[in-house]
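One structure is given below, encoded as structure tokens.
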Amino acid sequence: MATVLYFYTGTGNSLWTARRLSENLDGTQIIPMSMAGEGRLKADADCVGLVFPVHIWGLPRRVVDFAARLAPAENTYLFAVAVNAGQVAATLLQLQRLLEERNLRLASGFSLCMPSNYIPWGGAPPAPKQEALFDKAREKIARIASAVKGRTRQEPEKGPWWQNLLFSWFYRKSFSRVPAMDSSFRADEKCNGCGICRKICPADNVAIENNRPGWRHRCEQCLACLQWCPQEAVQFGRSTARKRRYRHPEISLSDMLACVPPRHP
């Protein structure tokens, strides 16, 4: 097999990125990290790419765990794309170190700027600004694909030194607290008990009781439950009800539900 792209997505940015990359690469298979199975993951491919969002200026817990299980062949070209809202910081350096601890080499790492989905810090940008970001992202994805095809080896992209230092410190301080950050989630009076929040959560963190969602403190802060709620009933804190939601416009709910194992009653 030529290329396997493993991706993790909450609101579709990384899935869209993986799809665009696959269009520029030959013989590509796209696999959600949530569906890659348990235990040691033998990646039998000439080229393996990891596509994921940046969470709190670092690797999401799911990506950390995935990297610890990944076992590519000795000569596999391994690269990564960190999708972020403009501040990749030291995320790709963090991944590089994790892989080096397992005697694996990250051949190249790329930062890709996309619209932010972190609604607690601001709602979605207007559609024209989103389209401008998508256009730039398409151009960079083409360059990334060209580098991958040429098996280019280069240092991972990173932010300025002060950002790497400061934001990495913040990431380390907050990482252990992320699972319990779901205490700020709630469902308001618009909730109709449809259960989309439960079905779409990659961490299986949402339970429905008496037609109302509850969060079980293994959150990954992907915000899929909030951003994909059809009623916009899921809130985080007290300010999100007034903010515009974000989902990648070319990614559907069915696309997202295919990225996670089915939830059974």
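The values are calculated or read from the model by the stated rules, or taken from the named source; none is laboratory data. Source: prediction; values computed, not measured. Methodologically, a virtual Cβ is constructed for each residue, glycine included, from the backbone with ideal geometry; neighbour enumeration extends over all protein chains shown. Remember, those area values only see protein heavy atoms, side chains included, never the ligands or the DNA or RNA. Shrake-Rupley method; radii C 1.70, N 1.55, O 1.52, S 1.80 Å.
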Which is farthest toward the positive dipole end of the chain among Pro72, His217, Met256, measuring Cα position about the Cα centre, with Cβ charges +1 (Lys, Arg) and -1 (Asp, Glu)?
His217
Relative to the chain, whose Cα atoms define the longest principal axis, helix 161-175 and its Cα axis are tilted in degrees, nearest 10, by 50 degrees
Using only Cα atoms, tell me the angle between helix 127-149 and the longest principal axis of the chain; keep it within 0 to 90° and round to the nearest 10.
30 degrees
Around Arg102: net Lys/Arg minus Asp/Glu count, Cβ-Cβ under 14 Å
+1
Around Ala142: net Lys/Arg minus Asp/Glu count, Cβ-Cβ under 10 Å
+2
Per-residue [θ]222 nm for the chain (sum of -39500 (n - 2.57) over DSSP H runs n ≥ 4, rounded to 500)
-9500 deg cm²/dmol
Could you work out what % of the accessible surface of the chain is carbon and sulfur, using a 1.4 angstrom probe and leaving DNA, RNA and ligands out of the count?
50 percent
For the range 1-66: span of alpha carbons on each principal axis (Å, largest first):
33, 27, 17
The answer for GluC sites (Glu not before Pro) in the range 69-153 that fall in a DSSP coil and have at most 12 neighbouring Cβ atoms within 10 Å is Glu74, Glu101
Given charges of +1 on the Cβ of Lys and Arg and -1 on the Cβ of Asp and Glu, with all other atoms neutral, how large is the dipole of the range 1-125 about its Cα centre, in debye to the nearest 20?
260 debye
The orientation-averaged projected area of the Cα convex hull of the range 9-117, in nm², is 6.4 nm²
How large is the accessible surface per residue of the chain, computed with a 1.4 Å probe and reported in Å² as a whole number?
48 Å²
If you place +1 on the Cβ of every Lys and Arg, -1 on the Cβ of every Asp and Glu, and leave all else neutral, what size is the dipole of the chain about its Cα centre, to the nearest 20 Debye?
600 debye
Nearest 10, in degrees from 0 to 90: the angle of helix 91-100 to the longest Cα principal axis of the chain is 60 degrees
Using the charge dipole of the chain (Lys, Arg: +1 at Cβ; Asp, Glu: -1 at Cβ; taken about the Cα centre), state which of Leu92, Gly122, Cys197 has its Cα farthest towards the positive end.
Gly122
Given (i) 26; (ii) 15; (iii) 10, which label gives percent of Cα pairs over 34 Å apart as computed from the coordinates?
(ii)
Computed for the range 207-265: size of charge dipole around the Cα centre, +1 on C-beta of each Lys and Arg, -1 on C-beta of each Asp and Glu, debye to nearest 20, value 320 debye
Find the centroid of the Cα atoms in the range 156-175 and in the range 52-115, then give the distance between the two in whole Å.
14 Å
Suppose R0 equals 30 Å; then what is the FRET efficiency for Asn211 and Met35 from their Cβ-Cβ distance, rounded to the nearest 0.05?
0.60
Would you please classify the overall shape of the range 176-244 from the alpha carbon gyration tensor, given that a ≥ b ≥ c denote the square roots of the eigenvalues, rounded means a/c under 1.5, and beyond that prolate means a/b larger than b/c while oblate covers the rest?
oblate
